[in-house]
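S.K.: Have a look at this one before I ask anything.
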Amino acid sequence: MLIVVTGPDTYRAISRAKDLENAFRQKHDPSGLNIERLPDGAEGVEALLSGAGTASLFSPKRFLRVTGLLSSCPKSKEKALLKLLSTATDDLIVVDYEEDAVPDKLLKSYKETPKFTYNPYPLLSGLEYRTHLTKIAHGFGLTDEAMIKKLADMTEGDFWLARSELTKLAAGGTSQDWVIDTEISIYDRADAFLRQDVSRYRELLDLETSLPMMTMQQALSFLRVRDQDLSGIPPFVASKMKRIKSQAVELVWESAFSSVVMQRSGFADPDEALALLI
């Protein structure tokens, strides 16, 4: 049995892998002797093929966790890995965590193995995020809805940060030090151009020379999130980009790029370069 869990919400994906391990421990192996964490990537493939998947003498079932089994499997090992997974009995459970979504082309062969399961965890935002965060908070014994809402607004899609703050609260900390920055940042100004807000040109009055570069970077992040290329993009950034509605992001990127080039090449002063932003 192969179970694949994947992000871009790495917190929920990894939590799912842990939950599966805990469920196996409680039901089949309280001692944990037949639960094994294989090396990541290609080394994990080799470990699985070289004997980690054989039946145990002491327990009818084995549980193996690995990271990047599918995405890092060498082409020369794919056939052997598929054969192992196809012939293994229900006594072997392999849980593979993949940080990035696994392409359908790669998944196709593995989907044909017995009892294959694929669990993708997209980023959450808004009410969905707060609802899930509320469940996590209740697990810490924290039920103050106003506090949870404040934490949800502050962390916006970043469960790792939210959980860290919940841990502090559960240990006797306070939320009084939480500050939600309401000041307009350079990121907010760049996002205004992404959204094509009618008020965006007011931002040019401050002569923020870094605005073209930041707008270009934000536009690139938007395009990557739109195209499901989330590697290296923080969860809260991806979540924000998914909420932004932009119909002219390519033009925004081009104008920002032109502004940066003109300013750095000396063909335009800051005022003239900023005027290129659309």
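The values are calculated or read from the model by the stated rules, or taken from the named source; none is laboratory data. In this text the structure is predicted, and so the values were computed from the model without any measurement. No Cβ is skipped: glycine too gets one built from the backbone with ideal geometry, and neighbour counts run over all protein chains shown. Remember, those area values only see protein heavy atoms, side chains included, never the ligands or the DNA or RNA. Shrake-Rupley method; radii C 1.70, N 1.55, O 1.52, S 1.80 Å.
S.K.: Which one of these does Ile3 not meet: (1) part of a helix (DSSP H, G or I); (2) surrounded by 18 or more Cβ atoms within 10 Å (Cβ to Cβ); (3) within 21 Å of the chain's Cα centre (by Cα)?
M.R.: (1)
S.K.: For the stretch 106-134, which positions are in a loop (DSSP other than H, G, I, E, B) and either out of contact with any Asp or Glu (no Cβ under 8 Å at 6 or more places or on another chain) or within 24 Å of Ser50 (Cα to Cα) (or both)?
M.R.: Hits for the stretch 106-134 are Lys111, Glu112, Thr113, Pro114, Lys115, Phe116.
S.K.: Residues of the stretch 141-161 being over 19 Å from Asp9 (Cβ atoms) and in contact (Cβ under 8 Å) with a residue 12 or more places away in the chain, which ones?
M.R.: Those that are over 19 Å from Asp9 (Cβ atoms) and in contact (Cβ under 8 Å) with a residue 12 or more places away in the chain: Gly141, Leu142, Met147, Lys149, Lys150.
S.K.: For the stretch 251-270, give me each residue that is open to solvent by less than 80 Å² (accessible area, probe 1.4 Å) and assigned to a helix (DSSP H, G or I).
M.R.: Result: Val252, Ser255, Ala256, Ser258, Ser259, Val260, Val261, Met262, Gln263, Ser265, Pro270.
S.K.: Additional query: Using beta carbons and a limit of 9 Å, which pairs, at least six apart or on different chains, have the first residue in the stretch 75-87 and closer than 18 Å to Lys105 by Cβ and the second one among the charged types (D, E, K, R) and open to solvent by less than 100 Å² (accessible area, probe 1.4 Å)?
M.R.: Lys77/Glu46
S.K.: Take the residues of the stretch 114-151 that are of a type in the set (Val, Ile, Thr) and open to solvent by 30 Å² or more (accessible area, probe 1.4 Å): which is farthest from the chain's Cα centre (by Cα)?
M.R.: Here the residue is Thr143.
S.K.: Can you tell me which residue within the stretch 11-40, out of those that are small (Gly, Ala, Ser) and modelled with pLDDT of 90 or more, is surrounded by the fewest Cβ atoms within 10 Å (Cβ to Cβ)?
M.R.: Out of the qualifying residues, it is Ala23.
S.K.: Another one. Looking only at the stretch 189-218, which residues are of a type in the set (Asp, Glu), at pLDDT below 80 and surrounded by 15 or more Cβ atoms within 10 Å (Cβ to Cβ)?
M.R.: Result: Glu203, Glu208.
S.K.: Starting from residues that are modelled with pLDDT under 75 and open to solvent by less than 70 Å² (accessible area, probe 1.4 Å), keep the ones in the stretch 155-188 and report whichever is farthest from Asp269 (Cα to Cα).
M.R.: Trp178
S.K.: Which residues, taken from the stretch 79-105, are assigned to a helix (DSSP H, G or I) and either at pLDDT below 90 or of a type outside the set (A, V, I, L, M) (or both)?
M.R.: Passing the criteria: Lys79, Lys83, Ser86, Thr87, Asp104, Lys105.
S.K.: Next up: If the Cβ limit is 6 Å and pairs must be 6+ apart or interchain, which residue in the stretch 41-55 that is within 16 Å of Ile93 (Cβ to Cβ) pairs with which residue that is open to solvent by 30 Å² or more (accessible area, probe 1.4 Å) and at pLDDT 90 or above?
M.R.: Matching pairs, first to second residue: Ala47/Pro39; Gly53/Leu84.
S.K.: Okay, moving on. Only residues that are in contact with a helix residue (DSSP H, G or I) (Cβ under 8 Å, 6 or more places away or on another chain) and either more than 15 Å from Asp191 (Cβ to Cβ) or open to solvent by 20 Å² or more (accessible area, probe 1.4 Å) (or both): list them for the stretch 225-239, please.
M.R.: Within the stretch 225-239, Arg226, Leu230, Ile233, Pro235, Phe236, Val237 meet the criteria.
S.K.: Moving on. Return yes when Glu36 is touching a helix residue (DSSP H, G or I) at 6+ places or on another chain (Cβ under 8 Å), of a type in the set (D, E, K, R) and assigned to a loop (DSSP other than H, G, I, E, B) and no when it is not.
M.R.: No, not satisfied.
S.K.: Which residues, counting only those in the stretch 10-46, are closer than 19 Å to Val102 by Cα and either of a type in the set (Val, Ile, Thr) or touching a His at 6+ places or on another chain (Cβ under 9 Å) (or both)?
M.R.: Those that are closer than 19 Å to Val102 by Cα and either of a type in the set (Val, Ile, Thr) or touching a His at 6+ places or on another chain (Cβ under 9 Å) (or both): Thr10, Arg12, Ile14, Val45.
S.K.: Here are the criteria: (1) modelled with pLDDT under 80; (2) open to solvent by less than 30 Å² (accessible area, probe 1.4 Å); (3) not charged (D, E, K, R). Tell me which single one Ser221 does not satisfy.
M.R.: Here Ser221 clears every test but (1).
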